[in-house]
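A.B. asks: Before anything else, here's the structure in question.
Rule-based calculations on the coordinates, nothing more; no lab input. Since the model is a prediction, treat every value here as computed from it, not as a measurement. Counting neighbours? That spans all protein chains shown, and the Cβs are built from the backbone with ideal geometry, glycine included.
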Amino acid sequence: MDRNIFTNYKLQREELLARIAQELELDQSRKNKMESAYKAVYELLKKESNFFKDLEILIYPQGSAKIGTTVKPINGEDFDLDTVLHIYDPYYNHSPKAIYDALIKVLENDSYYKTIMEKKKRCVRLNYKSDFHIDILPACMKNINDYEKIAIPEKALNNWSFGNPKGFANRFLNNANSVSKSVLKLFSDTLTKASIESEPIPNAIYEKTPLQRAVQLVKRYRDIYYQNKDFRVSSIVITTIISESYNSEDSIYSTISNTIGKIKNDYTISVASKTKFKIFNPVDDSEEFTDSWTDKHYESFNSFINHFYKNWLLLEESFEVSGERYIELFGESIYKKSLQSQLKTFSGNSTNDLIKSSGIIISGNGRTDKSGKINKTKGVKNENYHSYGG
């Protein structure tokens, strides 16, 4: 594989998409705070002397935090961490209201949690001051021998519904890991032998699979697209349809191109056959994620998918042609930051003098010697570089 990333647009595009997705990722500090937060609630419940004292329980994340597809909220909003309070006891031994009230009681009896607790219809929200909140959904076992499937309170707390967040996560991760080796993994292998002069590459950029990155990028565009629109497409729908359309593609670009193309085609077929386009939970086909969709939801979904796909395909061309599309899809600041970071990192590995010089300038280490050549050690220090191009 050509290690000079500047001579290979497809590789450069793939690496840039991974950088953009990595920029969207919640930072490790916030992840650690959230993990500490729900573990602290677990410890509090374990000390409770009434309802929970003889029960085996566990609190664990579900959704994007579990499958590695988190995306920073847009416009400074709080990140919503969904967790399950899994009570390892069959649901028929309890009422939905009893387990909900038991959780509320413990939190209300604590001077700190009482101040940050917000009662929701079937879960409890804890609003932390460090830009996130945690939703805790109490749940029991559906079957005595099944440690994955759960029974959860309906919104009126009069009955149970059933789910399988662990099974959903396992299925997604199995799909994600079905790729033999991604384009970026192959590329990163060559970098261990290459001399990167500018700065080391954060390993996290290449850790995620193409499917995980694809979901992150589509969710980011969803957040941008629906800033001033109603009938927003939910994360569970985006995650499900992309995961279930995934065919072990080895790049982020091909993953999105192929899965969104298939989704568009399936939607067109459903319209032509005058049947509803339905999305089911892949680990429980009794749960339909589109059961509450109105005609407006379907119109919104169709517009969103088509608009995204049209812009996505334009990334096939060079940055000179497609730069504005990256901005439209993912936002100007995150695109420019990622592009600058890429140029800064890889310029030292290029054989092109102009590219090498550009990277030195961007890194803030540029000097111009008496002959006018840009280098790192001799001459007058250059001013910081602020032009991003693209």
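A.B. asks: Per-residue counts of other Cβ atoms within 10 Å, averaged by peptide: what ranking do you get for 95-101, 337-343, highest first?
C.D. replies: 337-343, 95-101
A.B. asks: A follow-up question, please. Treating only the Cβ atoms of Lys and Arg (+1) and Asp and Glu (-1) as charged, compute the dipole magnitude of segment 211-307 about its Cα centre; round to the nearest 20 debye.
C.D. replies: 400
A.B. asks: Further question on the same structure: Which whole-number percentage describes the relative contact order of segment 272-352, with Cα contacts under 8 Å and a sequence gap of 6 or more?
C.D. replies: 12
A.B. asks: Could you size up the charge dipole of segment 48-172 around its Cα centre, putting +1 on the beta carbon of Lys and Arg and -1 on that of Asp and Glu, and report it in debye to the nearest 20?
C.D. replies: It works out to roughly 260 debye.
A.B. asks: Looking only at segment 48-172, where both bridge partners belong to it, what percent of the DSSP beta bridges are antiparallel (to the nearest 5)?
C.D. replies: Antiparallel bridges: around 65 percent, rounded to the nearest 5.
A.B. asks: At 20 °C and 1.002 mPa s, what whole-number value in µm²/s does Stokes-Einstein give for the translational diffusion of segment 48-172, with Rh from the Kirkwood sum over Cα pairs?
C.D. replies: Translational diffusion coefficient: 140 µm²/s.
A.B. asks: I've got another one for you. What span do the alpha-carbon atoms of segment 210-357 cover on each of the three principal axes, reported in whole Å from largest to smallest?
C.D. replies: 59, 34, 24
A.B. asks: Taking 0.36 nm per residue of separation and subtracting the Cα-Cα distance, what length does fully extending Glu332 through Asn32 add?
C.D. replies: Using 0.36 nm per residue and subtracting the Cα-Cα distance, I get 105.2 nm.
A.B. asks: At what distance in nm do the modelled label points of Thr275 and Lys105 sit from each other, each positioned 7 Å from its Cα along Cα→Cβ?
C.D. replies: 5.0
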